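The block underneath contains the structure these notes are about, expressed in structure tokens.
Please treat every number below as a calculation from the coordinates, not as lab data. Bear in mind that the values here come from a model prediction, so they are computed numbers and not experimental data. Glycine gets a Cβ as well: all are built from the backbone with ideal geometry, and neighbour counts include every protein chain shown.
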Amino acid sequence: MRATKAIIYLDNFRENLGQVKKRAGPGRRICVPVKADAYGHGAVRIAETALAEGAYALGVATVGEGAELRRAGIRAPVLLFSQALGEELGELVSLDLTPFVSDPESIDMAGRAAALAGKTITAHLKIDTGMGRMGCRPEEAADLARRIGEHPRLLLGGTATHLAVSDSWEAEDRAYTKAQLGRFQEALSAMKAAGLDPGIIHAANSGALVFHEDALFDMVRPGIFLYGYSPAGGSPLEGELPVKPVMEVRSALALIKRVRKGESLSYGRTWTASEDTVAGVLPIGYADGLPRLLSNKHRVLIQGRFYPIVGRICMDQCLVNLGPGSTIPRWEEAVVFGPGAETAAGMARQLGTISYEITCGVNKRVPRIYQ
């Protein structure tokens, strides 16, 4: 076991999922996104935990991610959020993944792959109401839904859209989300008027779950809330769910060394000791997911106190200033981020990014320990 490891608090995940279920209300299904290795938390264990707690479906971004779940024996519906390559469709069908389709070509490709396998598969129609990414135009939805329904090897299992700024409470962004939902409702109405059943209707991500009750429909797809962070990226907004970070990254002081006044540490000599002090070496670096841009900015928690990282963060190591006269022993544990210490949200603010990028960036060479 490495000195550097990621502790995954499954009880925190269960509590967060409980908050989501409470906010979604009775009768609504929950799709738990486990793409990107469950935002770095470990797709299989998170999926198993989510399903045991009543989640209906899982969401992935690649066929390979779906295959990992199936190899682990998970049989629940797995939605493929991104477009599969043509050569991946045979595997998609054999794995019984549920693709999102949004144009005639993707519908026909999925249907041909199902026919070749002698199977019938379920697909969800994706409508682009303002995200500008995957999806058909709202006015095309009814015709595409009919195309799915008329194919002998396809079933229309659901209809979805994705909201671009649902995590913002700015008036302009709220209006944009309302407009997206309006376009979605119009598309759904056109489908129903044509005698088409849209299946499971879903639009709500984490932000919509909190701020846009009219986006909840039949199923919700909360992501970052489940892993303990605000989708807004900064401090939690009023009304947000009281969720807890699920991941904690720890390391341990592999070496303690004396540093004299005037001596510099690490690449580029970006930090020089202003006094005699004690430094510790942590075996964690940017290859593990500690961003190099946090050099001379981040702090770690050791024995209940914060100590700054000094000098450039290296690929596999970084240095911590333990202060003059420190008596902290070698191999003492340091919390790099997590509940009770600096969080992924705090690190993200320093970098001008979002907490998703921090947790997703924790490399797979960092062992996950589930508690």
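Structural remarks
- Rounded to the nearest 20 debye, the dipole magnitude of segment 247-370 is 200 debye, with +1 charges on Lys and Arg beta carbons, -1 on Asp and Glu beta carbons, and the Cα centre as origin.
- Taking the charge dipole of segment 247-370 about its Cα centre, with +1 at Lys and Arg Cβ atoms and -1 at Asp and Glu Cβ atoms, the residue from ALA344, VAL320, VAL300 reaching farthest to the positive side is VAL320.
- Full-stretch length increase - GLN185, SER82 - with 0.36 nm per residue and alpha-carbon distance subtracted: 34.8 nm
- The residue list LEU144, SER166, SER189 was ranked by how far each Cα lies along the charge dipole of the chain toward its positive end, using unit charges on Cβ atoms, and SER166 comes out on top.
- Read-out P(r) over Cα pairs in 20 Å bins from 0, in percent, derived from the coordinates shown; its label in (1) 27, 48, 21, 3; (2) 30, 61, 9, 0; (3) 21, 29, 21, 18, 10, 1: (1)
- Taking other C-beta atoms within 10 angstrom as a stand-in for reagent exposure, CYS360, CYS136 fall in the order CYS360, CYS136, fewest first.
- Three-way shape call for segment 268-308 based on the alpha-carbon gyration tensor, with the a/c threshold at 1.5: oblate
- Cα gyration tensor category, rounded, prolate or oblate, for segment 10-227 with a/c compared to 1.5: oblate
- Selection from LEU155, TRP331, VAL220, by position along the positive dipole direction of the chain (Cβ): TRP331
- For segment 143-226, relative contact order (Cα pairs under 8 Å, six or more residues apart, normalised by length) works out to 30 percent.
- Counting DSSP beta bridges with both ends in the chain, the antiparallel % (nearest 5): 50 percent
- Spatially proximal aspartates and glutamates relative to LYS297 (Cα-Cα < 14 Å; intrachain offsets below 8 disregarded): GLU342
- Calculated FRET efficiency, GLU68 to SER264, Cβ-Cβ distance, R0 = 41 Å: about 0.40 to the nearest 0.05.
- Among ARG45, ARG365, the order by Cβ neighbours within 10 angstrom, fewest to most, reads ARG365, ARG45.
- As a ratio to 2.2 N^0.38 Å, the alpha-carbon radius of gyration computed for segment 82-201 takes the value 1.11.
- When each of MET191, MET1, MET247, MET109 is scored by the number of other beta-carbon atoms lying within 10 Å, the sequence from fewest to most is MET1, MET109, MET191, MET247.
- Nearby lysines by direct alpha-carbon distance to LYS35 (threshold 24 angstrom, same-chain neighbours under 8 apart not counted): LYS5, LYS21, LYS22, LYS126, LYS244, LYS364
- Extension gain, ALA254 to ASN296, is 13.2 nm, computed as 0.36 nm per intervening residue step minus the present C-alpha separation.
- Relative contact order, whole percent, for segment 247-370 stands at 29, derived from Cα pairs under 8 Å and 6 or more residues apart.
- Within the chain, helix-based [θ] at 222 nm, where runs of 4 or more DSSP H residues each add -39,500 (n - 2.57), nearest 500: -9000 deg cm²/dmol
- Normalised contact order of the chain, rounded percent, pairs of Cα under 8 Å and 6 or more residues apart: 18 percent
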